[in-house]
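> There's a structure below that I have some questions on.
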Amino acid sequence: MSDEIRFTVEGGLATVELTRPKALNALTLGMIRKMHPQLEAWEDDDSVKAVLIKGEGEKAFCAGGDVRAVYRSIVDDLGGKGPSELSKTFFLEEYRLNHTIHAFSKPYVALLDGVTMGGGVGLSVHGSHRIVTERLMFAMPETGIGLFPDVGGGWFLPRLPGEFGTYLALTGARLDAAGAVALGVATHYVPSTRLQGLEAALATTIAEASDGRTAINDVLDRFAEAPDDDPTAGHRELIDRCFAESSVEGILEALDRAAADGSGFAAETAATLRHKCPTSLKISLEQLRRGRSMSNLAEVLAMEYRMSQHCIAGTEFFEGVRAILVDKDHAPKWRPDSIEGVSAALVASFFDPVPGREFSL
């Protein structure tokens with residue numbers, strides 16, 4: 001137990017609470033190192049029938065991994081000459097935790113109430129039940145900080161309907177509760193005012209049940225409601241058409257054509273893409289195309305770990321974190337600074353093995 005994360009068990013329901021509300025419950029290496037063995041212990045504990053994870057406060061479930069700490073471990077501690085020990089281990093241990101959640105044999109219920117981004121997506125999307133509220137703000141914004149949609153993004157994003165996962169990955173677009181349910185990112189919608197009652201009902205029902213999954217489904221049948229109409233529905237056809245292109249250049253050309261035909265959404269989307277890190281856009285598209293044909297999450301995470309270490313060895317991650325999260329001038333100077341300047345050879349290099357640093361379970 002620490003001041004960052006809390007574990008409790010009541011009547012067969014084990015609960016993980018992320019307790020960094022002032023930091024929007026951003027995930028640290030210390031939290032990962034406490035949660036992973038606890039999940040493994042609960043997996044083997046017959047008295048635990050299900051796990052619930054939530055964030056403290058009303059603003060966020062988890063706003064992401066603590067990438068600022070990775071940045072500082074190299075820029076501040078090592079004078080920019082990395083990698084640091086944190087940069088090597090943070091992504092490795094985070095991805096291992098993501099896989100443990102994916103492989104967890106018992107119900108794993110995530111309460112996504114508020115901001116859910118990046119590392120917070122990794123703590124939730126791989127579980128069996130993903131409950132969202134009207135306060136949800138879901139996004140994978142990594143192309144804006146010189147990174148890519150990791151934590152298994154190469155697994156779940158290409159498996160969303162049509163090309164919507166590609167759209168989310170490249171643009172960093174936000175989903176509300178209705179969009180998350182419609183796309184299958186979330187399994188249920190429950191208003192935030194009912195969460196306290198939901199948790200109490202889960203604990204009581206699971207304590208009396210022989211099967212945790214059946215008990216959870218019964219409770220959710222009572223508490224879940226239909227969300228509002230899906231705000232993404234009207235853009236699905238355009239997204240599928242434009243983001244099916246085989247290159248970022250092709251996607252932008254398709255969006256520009258649609259914009260010329262009068263689509264304000266296409267124009268806005270193209271403008272958004274042109275403000276993202278060019279290298280991130282290209283490696284992220286390649287990540288999703290490769291991930292779509294991979295057979296399991298472990299294979300995807302091995303690819304993403306290689307990508308993370310190449311990002312740490314490059315320049316764009318540090319410039320993105322500096323501009324967006326540290327100095328907050330929101331004026332990153334990307335190198336290369338154009339889509340056309342990112343060569344196929346540069347993209348391919350992000351998928352090369354890293355000597356002495358390969359992902360394993």
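The values are calculated or read from the model by the stated rules, or taken from the named source; none is laboratory data. Quantities reported herein were computed from a predicted structural model and do not represent experimental measurements. Counting neighbours? That spans all protein chains shown, and the Cβs are built from the backbone with ideal geometry, glycine included. Protein only, heavy atoms only, side chains kept; ligands, DNA and RNA dropped before computing areas. Shrake-Rupley method; radii C 1.70, N 1.55, O 1.52, S 1.80 Å.
> With a 10 Å radius around each residue's Cβ, average the other Cβ atoms per peptide and rank 355-361, 173-179, highest first.
Result, highest mean first: 173-179, 355-361.
> What net charge is computed for the residues neighbouring residue 236, neighbours being all others with C-beta under 12 Å from the C-beta of residue 236, Lys and Arg scored +1, Asp and Glu -1?
So the environment of residue 236 carries a net charge of -3.
> Can you pull the one-decimal nm distance between simple spin-label points at residue 351 and residue 23, each 7 Å off the Cα toward Cβ?
About 3.4 nm separates the two model spin labels.
> Accessible area, 1.4 Å probe, largest first: how do 322, 96 sort?
My answer, sorted largest first, is 96, 322.
> For a 28 Å ceiling on Cα separation, which of these pairs sit above it: 22/106; 282/328; 54/333; 34/282?
Table pairs above 28 Å Cα-Cα are 22/106; 54/333; 34/282.
> On to the next question. Using only the Cα atoms of the chain, what semi-axes does the equivalent ellipsoid have when each is the square root of 5 times a gyration tensor eigenvalue? Give whole Å, largest first.
For the chain, the semi-axes come out at 33, 25, 18 Å.
> Helix-derived [θ] at 222 nm for the chain: sum -39500 (n - 2.57) over DSSP H runs of at least 4, divide by residue count, nearest 500?
Computed ellipticity for the chain at 222 nm equals -13500 deg cm²/dmol.
> I would also like to ask the following. Near the amide H of residue 53, under 5 Å away, which other amide H atoms are found, from residues 5 or more places off or on another chain, if H is placed in the peptide plane?
Sorted by chain and number, the residues that satisfy this are 16, 109, 110, 111.
> On a full-extension model of 0.36 nm per residue, what is the gain between residue 159 and residue 257, subtracting their alpha-carbon distance, rounded to one decimal in nm?
32.6 nm
> Here's a follow-up. Return one quarter of the surface area of the convex hull spanned by the alpha-carbon atoms of region 99-252, equal to its mean projected area, in nm².
Approximately 9.5 nm², given one-decimal rounding.
> Next up: Just the accessible area per residue of the chain, please: how many Å² with a 1.4 Å probe?
About 41 Å² of surface per residue is accessible.
> Select from 119, 37, 107 the residue farthest towards the positive end of the dipole of region 15-137; place +1 on Cβ of Lys and Arg, -1 on Cβ of Asp and Glu, and compute about the Cα centre.
Of the candidates, 119 comes out farthest on the positive side.
> Give the separation of the Cα centroids, region 99-138 to region 153-220, in Å.
About 7 Å separates the Cα centre of region 99-138 from the one of region 153-220.
> For region 1-66 and region 328-354, compute the distance between their C-alpha centroids and round to whole Å.
Cα centroid to Cα centroid, the span is 35 Å.
> Now a separate question. Go through 21-28, 44-51 and give me the packing order, highest mean Cβ count within 10 Å leading.
Highest mean packing first, the order is 21-28, 44-51.
> Would you tally the net charge around residue 6, using a Cβ to Cβ cut-off of less than 12 Å, leaving residue 6 out, and scoring K and R as +1, D and E as -1?
Neighbourhood net charge equals -1.
> With unit charges on the beta carbon (Lys/Arg positive, Asp/Glu negative), name the residue among 147, 162, 180 whose Cα is farthest towards the positive pole of the charge dipole of region 54-190.
162
> Once you keep just the Cα pairs under 8 angstrom separated by 6 or more residues, what percentage relative contact order results for region 1-119?
Across region 1-119, relative contact order equals 32 percent.
> How high is the relative contact order of the chain, given as a whole-number percent (alpha carbon pairs under 8 Å, six or more residues apart)?
It rounds to 17 percent for the chain.
> Taking the Cα centre of the chain as origin and charging only Cβ (+1 Lys, Arg; -1 Asp, Glu), how large is the dipole, in debye to the nearest 20?
600 debye
> Provide 229, 240, 77 ordered by accessible surface of protein heavy atoms (probe 1.4 Å), highest first.
Accessible-area ranking of 229, 240, 77, largest first: 229, 77, 240.
> Hey, what did region 148-200 get for relative contact order, percent, Cα under 8 Å, at least 6 apart?
Result for region 148-200 is 23 percent.
> Could you work out which residue, out of 19, 133, 232, moves most in a Gaussian network model of the chain, that is, has the largest mean-square fluctuation with Cα springs under 10 Å?
For the chain, modelled as a Gaussian network with Cα springs under 10 Å, the answer is 232.
> For residue 293 and residue 337, what is the calculated FRET efficiency with R₀ set at 41 Å and r taken between the beta-carbons, to the nearest 0.05?
It comes out at approximately 0.85.
> What whole-number value in cubic angstrom gives the convex hull volume per residue for the C-alpha atoms of region 254-361?
So the per-residue hull volume is 138 Å³.
> Give the percent of DSSP beta bridges with both residues in the chain that are antiparallel, rounded to the nearest 5.
30 percent
> With springs connecting C-alpha atoms under 10 Å apart, model the chain as a Gaussian network and identify which of 350, 61, 148 has the largest mean-square fluctuation.
Maximum among the listed residues: 350.
> Highest GNM mean-square fluctuation, the chain, Cα pairs closer than 10 Å: which of 78, 301, 273?
Top of the fluctuation ranking is 78.
> Local charge sum around residue 349 (other residues, Cβ-Cβ under 12 Å, Lys/Arg +1, Asp/Glu -1)?
Net local charge, residue 349 excluded: 0.
> Further question on the same structure: Enumerate by residue number the GluC sites (Glu not before Pro) in region 253-311 meeting two conditions: DSSP loop (anything except H, G, I, E, B), and at most 16 other Cβ atoms within 10 Å of the site's Cβ.
Passing sites in region 253-311 do not exist.
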